[in-house]
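*Asks:* Right, I'll just put the structure down here and ask away after.
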Amino acid sequence: MRARLRTPAVAAGSATVLSLATIASLAGVQPAGAAVSARTPLAGSALTAAARQHPAGAVSKSAPVSFQLVLKLRDAAGARALVRAVSTPGSASYRHYLTSAGWEARFSPAAATVATARKWLASEGFKVGATSADRVTIAASGTAAQVEKAFGTGLGNYKVKGRVIRLATRKLSLPKAVAGSVAGAMGINQSVAR
């Protein structure tokens, strides 16, 4: 069996290809009291100590890192309700899915939210790429040093399942100004898929 590296989602996806389970995870909300300091921890970004039990050296500060910033849905509660309704046999909405345009109109982040997130990425020195059609993800790339500074973490190499992969050394965090609209980041942590 061939192993390959992949970058898992903290939360992610395009509305046209998201599974209902992923939609439900995107609809999650920030825990109460999370925004206590100047930075807000990114929910779900902490890895277990077991994942980091075999250190394999530092990540070069100049190493390239490409990732996608994942924005929160505009109406998370409505998205959860829709997921339940279209997935529940007997519901009047069972299997009555929205079109991509309908989904975007109801749940995608507002254009102003996207603009603020793109501006923050650029201010951190990242090369900002395309925003997905549903406005949920924004592609970005930079160096490991830029990622560490922007997300308030460290990056290290760890041996996992016989492969060396890059992982954050602690939970990602964001400045309060953007934390309220960000659900996660894909590509900062790597994993081994078989």
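The values are calculated or read from the model by the stated rules, or taken from the named source; none is laboratory data. Just so it is clear, the structure is predicted and the values come from calculations on it, not from any experiment. Side chains included, ligands, DNA and RNA excluded: accessible areas come from the protein's heavy atoms. Shrake-Rupley method; radii C 1.70, N 1.55, O 1.52, S 1.80 Å.
*Asks:* Tell me, what is the 1.4 Å probe accessible area of SER62, in Å² to the nearest 10?
*Replies:* Around 90 Å² of this residue is reachable by solvent.
*Asks:* Checking the cross-link filter: which lysines have an alpha carbon closer than 27 Å to that of LYS176, excluding same-chain neighbours under 8 positions apart?
*Replies:* In chain and number order, the partners are LYS61, LYS72, LYS119, LYS127, LYS149.
*Asks:* Subtracting the Cα-Cα distance from 0.36 nm times the residue separation, let me have the gained length for HIS54 to ALA133 in nm, one decimal.
*Replies:* In short, 24.5 nm is gained.
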